[in-house]
Amino acid sequence: MAGSRVLDILREIEADTFRNAAPLPARRDAKPEWQGLGFQVGGVRLVSPIGQVNEILTVPRVTALPRVKEWILGIANVRGRLVPIVDFHRYLGVAPTTPRVQWRVLVVDAIDFRVGLIVEQSLGMQHFVTDSFEQGCPEGLSALAPYIEGAYRHAGRVFYVVGLQAVVRDERFTQVAQ
């Protein structure tokens, strides 16, 4: 009998939940959205299309490598795989604007290699109404200009869309020897 009473209570809770739930927006009211992963470099908010960043890490312990450019910090063991770690600020020639404790590593998979890019902070998933897309390029990040596809404006903030996979496949990025 007690088991039957418990099921009745659970059914009542379920019914109350559905009665009190906010309705979904009507399909005609919904606007198409674009989603991406937000992050910050040099004080500029950037966003990369979903799927270009595989994971976000705190800055791992890095082993330095000899005879590489100064923006290559070294390699780190990420779940059994050696991943080169790049100071994205140095690569772009900008200074970070947040304390090191906020820095994160965005792990990007290119076709035949994986790389970790240190950024100032991860800003999480960002959702934009596709109508808010505009042309534009951030000041102070001229090295990223070829990879900026435009920008989304939301709540008074601008997020520049950057193709990180294109950045890490670029010949300038892959030529790391000093």
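Observations on the model:
- Residue check, ALA155 surrounded by fewer than 16 Cβ atoms within 10 Å (Cβ to Cβ) and out of contact with any Leu (no Cβ under 9 Å at 6 or more places or on another chain): yes
- Test: residue in segment 23-40 that is under 23 Å from THR174 (Cα atoms), in a strand (DSSP E or B) and of a type in the set (A, V, I, L, M): no
- Single condition VAL83 does not satisfy, out of (1) touching a helix residue (DSSP H, G or I) at 6+ places or on another chain (Cβ under 6 Å); (2) surrounded by 15 or more Cβ atoms within 10 Å (Cβ to Cβ): (1)
- Pairs, first free of Cβ contacts under 8 Å to residues at least 60 places away in the same chain and closer than 19 Å to THR174 by Cβ in segment 61-78, second β-branched (Val, Ile, Thr) and part of a loop (DSSP other than H, G, I, E, B), C-beta under 6 Å, six or more apart: LEU73/VAL62; GLY74/VAL62; ALA76/VAL62
- Of the residues making up segment 146-167, those that are among the basic types (Lys, Arg) and in contact (Cβ under 8 Å) with a residue 40 or more places away in the chain number 1.
- Of the residues in segment 135-142, none is in contact (Cβ under 8 Å) with a residue 12 or more places away in the chain and not in a loop (DSSP other than H, G, I, E, B).
- Within segment 95-118, the residues that satisfy the criterion of being within 26 Å of GLN35 (Cα to Cα), open to solvent by 30 Å² or more (accessible area, probe 1.4 Å) and not basic (Lys, Arg) are PRO96, THR97, GLN102, ASP109, ILE111, ASP112, PHE113.
- Condition met for GLN121 (under 26 Å from GLU70 (Cα atoms), open to solvent by 20 Å² or more (accessible area, probe 1.4 Å) and in contact with a helix residue (DSSP H, G or I) (Cβ under 7 Å, 6 or more places away or on another chain)): yes
The values are calculated or read from the model by the stated rules, or taken from the named source; none is laboratory data. Here the structure is a predicted model, which means the values were calculated and not measured. Cβ coordinates were reconstructed from backbone atoms using ideal geometry, including for glycine residues, and neighbour counts include every protein chain displayed. SASA here: full protein model, heavy atoms, side chains in, ligands and nucleic acids out. Shrake-Rupley method; radii C 1.70, N 1.55, O 1.52, S 1.80 Å.
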